[in-house]
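Below: one structure, written as structure tokens.
The values are calculated or read from the model by the stated rules, or taken from the named source; none is laboratory data. Everything numeric here is computed off the predicted structure, so don't read it as measured data. Note that we place each Cβ from the backbone using ideal geometry, even for glycine, and neighbour counts take in every protein chain shown.
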Amino acid sequence: MEKTLTPEESLQIIQKSISNSRRNMREGSFYFLLWGWALILASLANYFLIRYLIGKEQYEDIMLMSLLAWGVFIVAAMIIQFIYQARSGKKERVITHLDRYIKIVWIAAGLLMGLMAFLSLKVNAFPTPFILGVTAMATAVSGLMVRFRPLVIGAIVFLTAAVVSSYLSGTEQLLAFAVAMVLGYLIPGYILRTSNSGNDV
């Protein structure tokens, strides 16, 4: 017969799970910083490439160069992530249910972002507001699950940027995207990296 947990014991288990998940997230803050910088550099590179091509009146090259700009930085980030995971894969850590849920959320968010980008290109729309909206959702869920306030604030930044960018031109959306990444990814990522995993922030 299984032992029935008291409310206090249940609360302790929940708090321990949150603490372990926050510790794991802090150790994985590298990914927030890696993808934050990669996406910032990609959006800025795309912005300046578009401005350059418009100045040269090479409008037919804008789509190809935009895809190239994003592709280079995304592939580079994936390679760096693969190398980092291979080197740190032997480290032992406690994997909680929260960790698994957060991973599932980000996998789903990544697939949804790809779908949003594809559909946006099909209807000749800019995907930035939609991608920022999905990022806001995934960031909010992660921050709320581990009770890490900077990520929740970052999610609000992403959501605000999604609304604002919908009123901007395509090139201006790239700048809004870069600013949102700095405020929503990089700053929480650096705070996470230096935070005490045992305390709420």
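Look through the stretch 98-130, keep the residues that are surrounded by 13 or more Cβ atoms within 10 Å (Cβ to Cβ) and part of a loop (DSSP other than H, G, I, E, B), and return whichever of them is modelled with the highest pLDDT.
The qualifying residue modelled with the highest pLDDT is 127.
Please pick out the residue among 201, 152, 146, 179 that is modelled with pLDDT under 90, within 16 Å of the chain's Cα centre (by Cα) and of a type in the set (A, V, I, L, M). Don't jump to the end; show me each part of the working.
Values: 201 fails: within 16 Å of the chain's Cα centre (by Cα); 152 fails: modelled with pLDDT under 90; 179 fails: modelled with pLDDT under 90.
Testing whether each residue is modelled with pLDDT under 90, within 16 Å of the chain's Cα centre (by Cα) and of a type in the set (A, V, I, L, M) leaves just 146.
Looking at (1) exposed (fewer than 12 other Cβ atoms within 10 Å of the Cβ); (2) closer than 27 Å to residue 138 by Cβ; (3) aliphatic (A, V, I, L, M); (4) at pLDDT below 90, which one does residue 25 not meet, given that it meets all the others?
Status for residue 25: all satisfied but (1).
Looking only at residues that are among the polar types (S, T, N, Q) and part of a helix (DSSP H, G or I) in the stretch 147-168, which one is surrounded by the fewest Cβ atoms within 10 Å (Cβ to Cβ)?
160
Could you please let me know if residue 64 is buried (at least 17 other Cβ atoms within 10 Å of the Cβ), over 24 Å from residue 183 (Cα atoms) and more than 20 Å from the chain's Cα centre (by Cα)?
Here the answer is no, as residue 64 does not meet what is asked.
Going by what's in this entry, would residue 144 be described as of a type in the set (A, V, I, L, M), surrounded by 13 or more Cβ atoms within 10 Å (Cβ to Cβ), closer than 21 Å to residue 36 by Cα and touching a residue at least 24 places away in the same chain (Cβ under 8 Å)? Quick ask: steps written out before the conclusion?
Details: of a type in the set (A, V, I, L, M): yes; surrounded by 13 or more Cβ atoms within 10 Å (Cβ to Cβ): yes; closer than 21 Å to residue 36 by Cα: yes; touching a residue at least 24 places away in the same chain (Cβ under 8 Å): no.
So residue 144 fails the test.
Kindly establish whether residue 50 is buried (at least 18 other Cβ atoms within 10 Å of the Cβ), aliphatic (A, V, I, L, M), modelled with pLDDT of 90 or more and out of contact with any Leu (no Cβ under 7 Å at 6 or more places or on another chain). Break it down stepwise before answering.
Numbers: buried (at least 18 other Cβ atoms within 10 Å of the Cβ): yes; aliphatic (A, V, I, L, M): yes; modelled with pLDDT of 90 or more: yes; out of contact with any Leu (no Cβ under 7 Å at 6 or more places or on another chain): yes.
So residue 50 passes the test.
Out of 86, 76, report the one residue that is at pLDDT 90 or above, surrounded by fewer than 17 Cβ atoms within 10 Å (Cβ to Cβ), out of contact with any strand residue (DSSP E or B) (no Cβ under 9 Å at 6 or more places or on another chain) and part of a helix (DSSP H, G or I).
Result of the check over 86, 76: 76.
Would you say residue 119 is closer than 19 Å to residue 39 by Cβ and out of contact with any Gly (no Cβ under 8 Å at 6 or more places or on another chain)?
Numbers: closer than 19 Å to residue 39 by Cβ: no; out of contact with any Gly (no Cβ under 8 Å at 6 or more places or on another chain): yes.
It is false that residue 119 is closer than 19 Å to residue 39 by Cβ and out of contact with any Gly (no Cβ under 8 Å at 6 or more places or on another chain).
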